[in-house]
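Trainee: Quick one: the structure is below, and I'll ask about it shortly.
Readers should treat all values here as calculations from the given coordinates under stated rules, not as data from a laboratory. Model, not experiment: these values are computed from the prediction. Note that we place each Cβ from the backbone using ideal geometry, even for glycine, and neighbour counts take in every protein chain shown.
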């Protein structure tokens, strides 16, 4: 059974390739590090992460200032023994680049920047005659449309004319992007997304007898959208797809979509879904008979059946290895060495930079001022997190940390720097150790940003130098989040319950990412080094 989403949590803009009996898929990662997670499957239902394409500073230099900057919409392709991943780094002046590998697990090469390749969402197409073509979207200030040029992969440079192929199915279509070219039965098919990345998102297609056009749009466009189903339909914002042909000639499409929480909110961001595709009269029909993304489909008959997909596997990380698991991410590139795996603990160094780095009061920060800061600093925020992947869950950690003045450590449900819920161990007004639940929300007035912080609850905890351990727990249920703490795992007390986390949804928070649940540590430690020790981290899925 193919159960949707096939990748739950923030895994948008999927791209897929088949190499004999193996399928590989990559997704966007924006400003999280390592970048571009890569997955493997043999049945399209069970996906195992096998690494990250961009896993070192020389490939990926990012800062925390704009979480929705960084890596946009990768494409993965394979040709004659080499894997190619092409993408955009929006935080690197929008540069488009290619990396290559002989093994999809890596190592992947250093960046090959494609000069003159404007826009975002690049893709590669390998034609039968040996020529290779680059497709991308229009650059800033250009007329909307997708363009194509031949590319020399030995020199990693564009060759010949750059031609606009198609401006989309709708007249004056918004944001034609995400182009991919496929060849079938003598036709070149150009599939794109249009309508923007939110409710009006759609996948459309055109075809031509020549790779450089002219392309005619399909009269039945869009071939996939959920915009006509209403804003409260459980799966929304569907778009940005990629096609894959199986050995038996059947076809499937992967695409992004968002599941609603609390009937409206998209807290987990955009996830990866799959549908079968059939061909009728020379055009693809997606999810035959319904035309929409369903929650499940029968497994492809030609692929092995590997049992029922387990979507509720408990994660318990004791941090007893010599490296972090692939599910963990930093906020931006970790330029500083602030994480240690030591004595079966995760040690997070307290850093001066906070997880909410912008002005909390005063004059505020303009959007333009914030944009100008991108890449100007290599200060790190001491954070390590993993995606929220289920509508209902429980996360728990054992934290060994005795706070001093202006020091904080704990758990955070993070959408971005301006929208988060924190369960933090710190000192209260009396100077005693406590655990607080604090929310950060963004307010905008006259194009300037302000933050509002609100304490939803606080409990004192009996922590001493001899007994500095505390247990922290977050329980999520749709849009409600509850927070607990205690010096014993069996005797937790409520810090606050049923805090409305709807503001964490992308429809309020903005941006292109989804919620993370992570560990953080901060404090003014200019004269000494101090670490918060996380003995273990438990993630227990409950529903969805």
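Trainee: Note down the Stokes-Einstein diffusion coefficient of the stretch 204-287 in µm²/s, whole number, using a Kirkwood radius over alpha carbon pairs, 37 °C, and 0.692 mPa s.
Mentor: 228
Trainee: Same structure, new question: For the stretch 13-221, what's the radius of gyration and Dmax over Cα atoms, in angstrom?
Mentor: Looking at the stretch 13-221, its Cα Rg and Dmax stand at 16.4, 47 Å.
Trainee: What is the fewest-to-most order of 125, 30, 483 by other Cβ atoms lying within 10 Å of their Cβ?
Mentor: Ranking 125, 30, 483 by Cβ neighbours within 10 Å, fewest first, gives 125, 30, 483.
Trainee: Additional query: Can you tell me what the convex hull of the Cα atoms of the stretch 315-543 projects to on average, as an area in nm²?
Mentor: 12.9
Trainee: P(r) tail for the stretch 19-78, what percent of Cα pairs lie past 16 Å?
Mentor: Of all Cα-Cα distances in the stretch 19-78, 48 percent exceed 16 Å.
Trainee: Let me ask you something else. Alpha carbon centre of the stretch 376-401 versus the stretch 454-533: separation in Å?
Mentor: 9
Trainee: Can I ask one more? So if I take the centroid of the Cα atoms in the stretch 257-304 and the same for the stretch 151-174, what is the distance between those two points in Å?
Mentor: 28
Trainee: For 3, 88, 82, 527, what ranking results if the residue with the fewest other Cβ atoms within 10 Å of its Cβ goes first?
Mentor: 527, 82, 3, 88
Trainee: Calculate the all-directions average of the projected area of the stretch 78-202's alpha-carbon convex hull, and give it in nm².
Mentor: 9.0
Trainee: Using a basic spin-label model with each label point 7 Å from the Cα along Cα→Cβ, how many nm lie between residue 527 and residue 489?
Mentor: A separation of 3.8 nm, rounded to one decimal place.
Trainee: Let me ask something else. Give the dimensionless ratio obtained when the Cα radius of gyration of the chain is divided by 2.2 N^0.38 Å.
Mentor: Working it through for the chain, the quotient is 0.98.
Trainee: Also, I was wondering about something else. Based on alpha-carbon atoms only, what is the radius of gyration of the stretch 40-128 relative to the globular estimate 2.2 N^0.38 Å?
Mentor: The value comes to 1.14.
Trainee: Distance between Cα centroids, the stretch 59-103 to the stretch 194-241: provide it in whole Å.
Mentor: Here the answer is 24 Å between Cα centres.
Trainee: Quick check on the exposure proxy: order 251, 166 from fewest to most C-beta atoms within 10 angstrom.
Mentor: 251, 166
Trainee: With N set to the number of residues, divide the alpha-carbon radius of gyration of the stretch 439-544 by 2.2 N^0.38 Å and report two decimals.
Mentor: 1.30
Trainee: Using only the alpha carbons, work out the radius of gyration and Dmax of the stretch 242-283 in angstrom.
Mentor: Every Cα atom of the stretch 242-283 included, Rg and Dmax give 14.4, 41 Å.
Trainee: While we're here: Mean 1/r over all different Cα pairs, inverted: what Kirkwood radius does the stretch 189-241 give, in Å?
Mentor: After inverting the mean inverse Cα-Cα distance, the result is 11.7 Å.
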